[in-house]
Amino acid sequence: MASLDHRLINLSLLLLLIWLFSTIPQSTHSMPPAPPVTCNATNCVLRNAYGTWGDRKDCWALSVVYPTTEEEIRAAVGQANQKKLKVKSVSAFSHTIPKLACPDENSLIISMAKYDSGIEIDAKGSTVTVDSGVSLRGLIDKVEEAGLSLVAAPYWEGVSIGGLISTGSHGSSWWGRGGAVHDHVVSVSLVVPAVASEGFAKVIRLDAKNPLFNAAKVSLGVLGVISKVTLALDMGSKRSITNVFNNDSHFEDEFVDLAKKHEFADIIWYPSRNTAVYRNDDRVPLNSSGDGINDFVGFQSDSALISSSVRWAEKALENAGNVNGKCTMAASVVAYKKLIANGLKNNNLIFTGYPIVGRQGRMQTSGSCLNTPPSRTLTTCAWDPRVKGLFFYETTAIFPASKFKDFILDVKKLRDLKPENFCGVDVYNGFLIRFIKASTAYLGQSQDSVVLDFNYYRADEASTPRMNQDVWEEVEQIAFFKYGAKPHWAKNRNVAFSGVQQKYPNFNKFIAAKKQLDPQNMFSSQWSDEIIFGNLPTKVDGCAMEGLCICSEDRHCNPSKGYLCKTGLVYKDARVCRNSPSSVA
């Protein structure tokens, strides 16, 4: 077995290095992501960009329409209202992980894929009004051309404007209006059901003078169809970024000072490497020297062969229970990302040294695997399900800043019991730590908050155990239950939403707004209700293996493969599926 482990480590490392160096620009062309909606002669199916929802079940609807104007959206909603159909709107990208956008079968899908051309800039008022289907990258480029800047944006640009504000997407900042895009919204237009005399649907425009505005800023798609969004802009500027690699001994005492000192600061924590990377990220004048870009290595195009091979290597390590192999991969990933500044490039070429200075719109977000014109199907985004590439969970927890230090200390206690158990998260992107400001949105953050994201391996089959899965379940439960963190609405496994309505002081105001705008629950579905109301379905055998429940009995795990329901190692109230090999017999 030792010989096999050694070969697996060497092979995995070789494949990983090939994958990492394959991100250097080549003369290949990307295969664009598959459309999220496909139809046959009788109905349509909606999938997300990862090809699999949390419960691995498809979402079916009767039909789909592709409006190109606000009036066509209104007409579609009106016709659905007449026919008593449910409605869900979806973007051209569908990168949401929970099933918020999933319709009931007796429903109509309204796709924003072709409603993506309207961008009206008011330079004097420093605002932009945009069709909800416009891509984040399309908006940023247009705004930059006008000498202005969109201050806040998520790090991934493969989203639509309507989709990103409705799910609370964000960058990182406690300064000014903050890092959440919805806090830069000046007004929003919704298409909602109406009475027959109004054509069964109407457009309403909401701004800060309207009490419904704070519900509409983060609407989760259940108040109506977002048709237009007006966002506040700043004057054009540049950003200067320097990544500082530190030992992680005291970063729980330093994150507040970092966020206050640097406008767009974040931290990447690699727990198995005892490393915390501080991003010193600040706005600088437009005439500052530098033409750098942010081309994050994880969002670059990968060879389909390499993506599938790296996935194969990780599966082999998982099947062999090879923790040392994961740690070898993690060490290589962290070292390589340090070498190339995680994809930051000086003057559009390569990384040559800090600081990297570039235009705001080129530094704040990335996603080059989406942007190469389709010609040959050689490269894709690494998670494209058509090439069986990377396949992972993403957990995102949002903490009040006052509770984040204690959470980190608990995770360090868990890490220190066996540091190699944390290598699996460092193979991806460690723990990404960002900052978002208190918001007036009913489903936003009621106080200045810290956001923690981490990705980790997901098995091809639902009942297949994962190496050290109890560790990630315990971290998840420490976050959401011990410290009451809120889940990001567009990410997470289902357990993160348990009791979520109790975590928002204004949740009842949001529900009251929903009853006013959508009294017949036209924009709700079984799936969105599960997420919004945090009601987990009845526990069944194996439900804890993919975060569909928290185990309370061994049968909720996988006893046949030695995974039993156990208490947490640090958080004793946690209930996790832990490998207990002696139980198999």
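The values are calculated or read from the model by the stated rules, or taken from the named source; none is laboratory data. None of these values were measured; they are calculated from a predicted model. For the accessible areas, the whole protein counts, side chains as well, though only heavy atoms, and no ligand, DNA or RNA atoms are used. Shrake-Rupley method; radii C 1.70, N 1.55, O 1.52, S 1.80 Å.
In units of the rule-of-thumb radius 2.2 N^0.38 Å, the chain shows an alpha carbon radius of gyration of 0.94. Computed over region 98-158, relative contact order equals 25 percent, with contacts defined as Cα pairs under 8 Å that lie 6+ residues apart. Just so you know, the averaged projected area of the alpha carbon convex hull for region 393-470 sits at 6.4 nm².
Expressed as a whole percent, the accessible surface of region 393-464 that belongs to carbon and sulfur atoms is 49, based on a 1.4 Å probe. Ligands, DNA and RNA are left out, and with a 1.4 angstrom probe the accessible area of region 286-442 is 37 Å² per residue.
Of interest is the spacing of the C-alpha centroids, which for region 38-73 and region 80-114 amounts to 6 Å. Computed with a 1.4 Å probe on the full set of protein chains, the accessible area for residue 408 sits at about 0 Å². With only Cα atoms counted, region 181-303 has Rg and Dmax values of 21.4, 66 Å. Within the accessible surface of region 296-384, defined with a 1.4 Å probe on protein heavy atoms only, the carbon and sulfur portion equals 58 percent. In percent, rounded to a whole number, the relative contact order of region 321-424 is 31, using alpha-carbon pairs under 8 Å and six or more apart. Share of pairwise Cα-Cα distances greater than 23 Å in region 119-222 is 28 percent (whole percent).
Solvent-accessible area per residue for region 20-156 at a 1.4 Å probe radius, Å²? Ligands and nucleic acids excluded, the figure is 42 Å² per residue. Residues whose amide H comes within less than 5 Å of that of residue 492, counting only those at least five positions distant or on another chain, are 394, 396 (H built at 1.01 Å from N in the peptide plane).
Across region 430-585, the mean sequence separation of Cα contacts (distance under 8 Å, 6 or more residues apart), normalised by length, yields a relative contact order of 20 percent.
According to the Kirkwood relation over distinct C-alpha pairs, the hydrodynamic radius of region 245-290 is 11.7 Å.
With viscosity 0.692 mPa s and temperature 37 °C, the Kirkwood radius over alpha carbon pairs of region 479-575 converts through Stokes-Einstein to a diffusion coefficient of 217 µm²/s. The accessible surface of region 194-241, taken with every protein chain in place and a 1.4 Å probe, is 56 percent carbon and sulfur. Of all DSSP bridge pairs formed entirely within the chain, close to 90 percent run antiparallel.
Look at where the Cα atoms of region 135-199 and of region 268-318 average out, and the two centres are 24 Å apart. Probing with 1.4 Å while keeping every protein chain in the model, the per residue accessible area of region 159-261 equals 34 Å².
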